[in-house]
Amino acid sequence: MGRRPVTVRLARWSAEHPWRAIALWAVFVAVCFVGGNAAGLKEATNGDQAIGEVGRAQLIVDSGGFHEPATENVLITSRSGTLDQAAAKAAADDAAARLRQVDGVTSVGAPVPSRDGTALLLPITMSGDPETASDRVQPLRDTTAKVQEAHPALRIEEVGGPSINKALDDTLGKDFKRAELLSLPVTLAILIIAFGALIAAGVPVLLALSSVAAAMGLSTLASHLVPANDTTASVILLIGMAVGVDYSLFYVRREREERAKGRSGLDAVEVAAETSGHAVVVSGTAVIISMAGLLLAQDAIFSSLAVGSILVVAVAVLGSLTVLPALLAKLGRWVDRPRVPLLWRLTAPRTGRDGQPARPRFWPAVLKPALRAPRATLIVSVGLLLALAAPALGMKMKFPGMEDVPRSTPAMQAYDRLTAAFPSNGTSHTVAVRAPADQTDRVHAALTELAGRAAADPLFAPAEGDGPKIKVSADRRVSVLEVATPYGSRTDEATRSLHELRQDLAPAALRDIPGIEYAVGGAVAANEDYAQHIREKLPVVAAFVLALTFLVMAWTFRSVVVALTSILLNLLSAGAAYGLLVLVFQNDWAEGLLGFTSMGAIVTWLPLFLFVVLFGLSMDYHVFVVSRIREGVRAGLSNRDAVAYGITSSAGVVTSAAIVMVGVFSIFATLSTIDMKQLGIGLAAAILLDATIIRAVVLPSLMTLLGDANWWAPRFLRRRADAPPADPPTPTPELVGAH
């Protein structure tokens, strides 16, 4: 007998020494978590995140060392009709006098009237760190509210970056907290339904949570090599809960199934390690490869997400091979306690007279078309998925702008009134210039000319007050001009204004100055440059993920055909998810149903991130299902019977795992921001399609059609046949006559 696989040896040791394995795991998680917190988090800087011309513009601005204090505004408008200028002036004077007495206010400027006379704006400069201004803005808001009480005939409201950030933090913070609080009970409830026993349901959640905790600490340590961003922790939680629950679910289900056959606790754990444990290692490797593809995007955000995801998947795989067998061995049959009476009768593993697990009735019925008419089933199902994927060809990519932030808060309603009365306070382009200090006067004159030409163009908004404000650094080498546009950041007009500025106005004004370096940035530029970056990097990342996944699958299953079909099916699943996203979010028919306002595009970062996540998570199911089919082939079943055995024996666990993921991802679709809605819907829909149509219809029809060709491999890839399973599966009775 050859040496047992490492997964079996690890599981056997853990099962024979459960307390040691559990203690080592607890120490590992604690050391990772505490060590990470002690090391502290290193966040990505603007330099780390510089992409395209907008990145160059930001680096030029940063090199100027400008001190940008936080600013707020008091906006005074009429509640109806024409603004009473005298009353507005009196209210502005009252607000200025009160605000000057507030701690944290450095200065209050002179009131600025709008060009159409409908509003009066009182600028306020705050003291302290601009990054924390939103935490200190409440006293200003309270003072403005008192001014409003003293002048009820007018509408007086505070608006500015800190107050908007404060309002969004309050709203979105509650959203994320609700999502995080809901994800755990939803996951636990689905697992209780799947297992019918509380302890069995709690084990996967325990492994997932401990994996997330360890990965959080490790990612904090890793941030000193790959700087992190503020979304990394959320992605670790999302991916960690998904794979942690999946891997435990595969393992626990197989262990229960083997115990139901009469095996001892240790033997059941060993068989689970040899089968499901091996599938977990392959699945985890596939997910890690997919997430590693993000590193090729050469983007600090994606690199941070990749590192966090890789760590949490690796920890989850390690936990499923070590502490999970220890827990199952220690619990023994107690894992099925306490039982939920009705659910237990429905979910408890049963065996037939042949000693094999009893076959469900639902999945054989679903499989009959694929086994009886595989060609027709394959054509119809693939045709439907391709039709669903077709809208992806018209995908547009944009960053969400201020216009996509929910208008449920008074701060955003005030922002709309501010930009209507003072267009230059809305979307703007940043012209950043770096030149020798002795060229400062020429740069200033050129930027003034540029601003004048832009003011005469309807694509741009004229500067308010005394004309264009040009900032110059202390060393006189960096100059910055803001050129406003009255259009939203993702509108076609705003894009045209950017192109005109980059291709015509800026070169005409600045190109003849010796030693000059300039770039045009801003929100619109970020939209355009990042979308172009994604278009360039997506093929590179996809090629890397496809190539390495192909090699892993070919080596694992010793079959080029299985590897190729795995790639094609996952591409089909991802394409269908893209098409569904475009159908839902680039159009407006689902706005009322899902509670969003269409931005006419998909969030720029989503296609690349969605591809790697879906490819990795979909491979979990594929590896598990194909492993069961391969078990049938090794046991001597015909290809058709092996397909029937593999699908029916894995359908329950794959469905349960998919429902967990769909439930958790759907919670994210309830959040207020459009990017989280798109992420939640995209992931939930793709996993649902993958676990149902792909795995229950397309995969069995394709493998049935290919027959023995499924297992073809060149000579160098072949190896000595594995020993057949100790208890070979038997054909599914309901399907024996299907061919």
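The values are calculated or read from the model by the stated rules, or taken from the named source; none is laboratory data. All figures in this text were calculated on a predicted structure; none of them were measured in a lab. Backbone-built Cβ (ideal geometry, glycine too); neighbour counts: all protein chains shown. To get the accessible areas, we keep the full protein, side chains included, count just its heavy atoms, and leave off ligands, DNA and RNA. Shrake-Rupley method; radii C 1.70, N 1.55, O 1.52, S 1.80 Å.
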Residue within region 474-490 that is surrounded by fewer than 20 Cβ atoms within 10 Å (Cβ to Cβ) and hydroxyl-bearing (Ser, Thr, Tyr) present
no
In region 146-156, which residue that is touching a residue at least 12 places away in the same chain (Cβ under 8 Å) and in a helix (DSSP H, G or I) is most open to solvent (accessible area, probe 1.4 Å)?
146
If we take region 514-631, then helices (runs of 4 or more DSSP H) inside it with 1 or more residues that are more than 24 Å from the chain's Cα centre (by Cα) and among the aromatic types (Phe, Trp, Tyr) are 523-557
Please find, among 714, 733, 700, the residue that is farther than 19 Å from residue 593 by Cβ and modelled with pLDDT under 80.
733
All positions within region 2-37 that are part of a loop (DSSP other than H, G, I, E, B) and open to solvent by less than 50 Å² (accessible area, probe 1.4 Å)
none
Kindly establish whether residue 77 is farther than 30 Å from residue 518 by Cα, in contact with a Ser or Thr (Cβ under 8 Å, 6 or more places away or on another chain) and of a type in the set (S, T, N, Q).
yes
State yes or no: is residue 640 assigned to a helix (DSSP H, G or I), open to solvent by 10 Å² or more (accessible area, probe 1.4 Å), in contact with a helix residue (DSSP H, G or I) (Cβ under 6 Å, 6 or more places away or on another chain) and not hydrophobic (A, V, I, L, M, F, W, C)?
yes
Among helices (runs of 4 or more DSSP H) entirely inside region 178-277, those with 3 or more residues being touching a residue at least 40 places away in the same chain (Cβ under 8 Å), among the basic types (Lys, Arg) and buried (at least 20 other Cβ atoms within 10 Å of the Cβ) are 232-260
Residues of region 94-142 being open to solvent by 60 Å² or more (accessible area, probe 1.4 Å) and touching a Leu at 6+ places or on another chain (Cβ under 9 Å), in sequence order, are 110, 113, 118
Residues satisfying the stated conditions in region 378-429, i.e. in contact with a Pro (Cβ under 9 Å, 6 or more places away or on another chain), open to solvent by 30 Å² or more (accessible area, probe 1.4 Å) and hydroxyl-bearing (Ser, Thr, Tyr):
419, 424
Do we have residue 490 as charged (D, E, K, R), more than 38 Å from the chain's Cα centre (by Cα) and part of a loop (DSSP other than H, G, I, E, B) here?
no
Of the conditions (1) in contact (Cβ under 8 Å) with a residue 40 or more places away in the chain; (2) open to solvent by 10 Å² or more (accessible area, probe 1.4 Å), the single one that residue 688 does not satisfy is (1)
